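J.: Below is the structure I would like to discuss, written out as structure tokens.
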Amino acid sequence: MMKKFYAETHEWGQENNEGLFEVGISDHAQHALGDIVYISLPELKTMVTQAETFGDVESVKAVSELFSPVSGEVVAVNEALLETPELLNQDALNTWIIKVIGSIDTSKLMDEQAYLESYKD
């Protein structure tokens, strides 16, 4: 199983093939947001930078910016989310938002165990 790395801002990045990363949001994030009603996605070939915004997600409670946990070029966007953004509520950990060819600096991210411990009471 591929290892996910998490940003403090609740996005995850996972390398599926050498240099190809999927990016999504954590289960904690989708719970905090509540019912997700809209997501804005970047255009293909957009360059994203680790720790910088690449879009936003809107729920019935709030609008939250999405921060990329990886740097590189967007090569795919999950267009199903444009029609059905609630897929993120149903299975956040297995629903990617964008795919990026690039790199990840794991020194600025947490592994799953550290991430889960970071917001426990």
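J.: Tell me, what HN-Hα J-couplings in whole Hz come from the Karplus equation 6.51 cos²θ - 1.76 cosθ + 1.60 at θ = phi - 60° for each residue of region 89-96, using x for Gly and Pro?
T.: With the stated coefficients, region 89-96 comes to 6, 6, 7, 4, 6, 10, 10, 7 Hz.
J.: Return the calculated 222 nm mean residue ellipticity for the chain, to the nearest 500 deg cm²/dmol, obtained by summing -39500 (n - 2.57) across DSSP H runs with n ≥ 4 and dividing by the residue count.
T.: On the way: 4 runs with 22 residues, N = 121.
Rounded to the nearest 500, the figure is -4000 deg cm²/dmol.
J.: Continuing with the same structure: Hey, what does the equivalent ellipsoid look like for the chain, semi-axes from the Cα gyration tensor as sqrt of 5 times each eigenvalue, largest first, whole Å?
T.: 20, 18, 12
J.: If you count only protein heavy atoms with a 1.4 Å probe, what accessible area per residue comes out for region 1-106, rounded to a whole Å²?
T.: On the way: 5470 Å² over 106 residues.
On a per-residue basis, 52 Å².
J.: Still on this structure: Output the relative contact order of region 15-121, whole-number percent, from Cα pairs under 8 angstrom with separation of 6+ residues. Can you show the working numbers first?
T.: On the way: 205 pairs, mean separation 35.0, N = 107.
Contact order relative to length: 33 percent.
J.: Would you check the accessible area of Glu86, probe 1.4 Å, heavy atoms only, in square angstrom rounded to 10?
T.: Near enough 80 Å² of accessible area.
The values are calculated or read from the model by the stated rules, or taken from the named source; none is laboratory data. A quick note: this is a predicted structure, and the numbers were derived from the prediction, not measured. Side chains included, ligands, DNA and RNA excluded: accessible areas come from the protein's heavy atoms. Shrake-Rupley method; radii C 1.70, N 1.55, O 1.52, S 1.80 Å.
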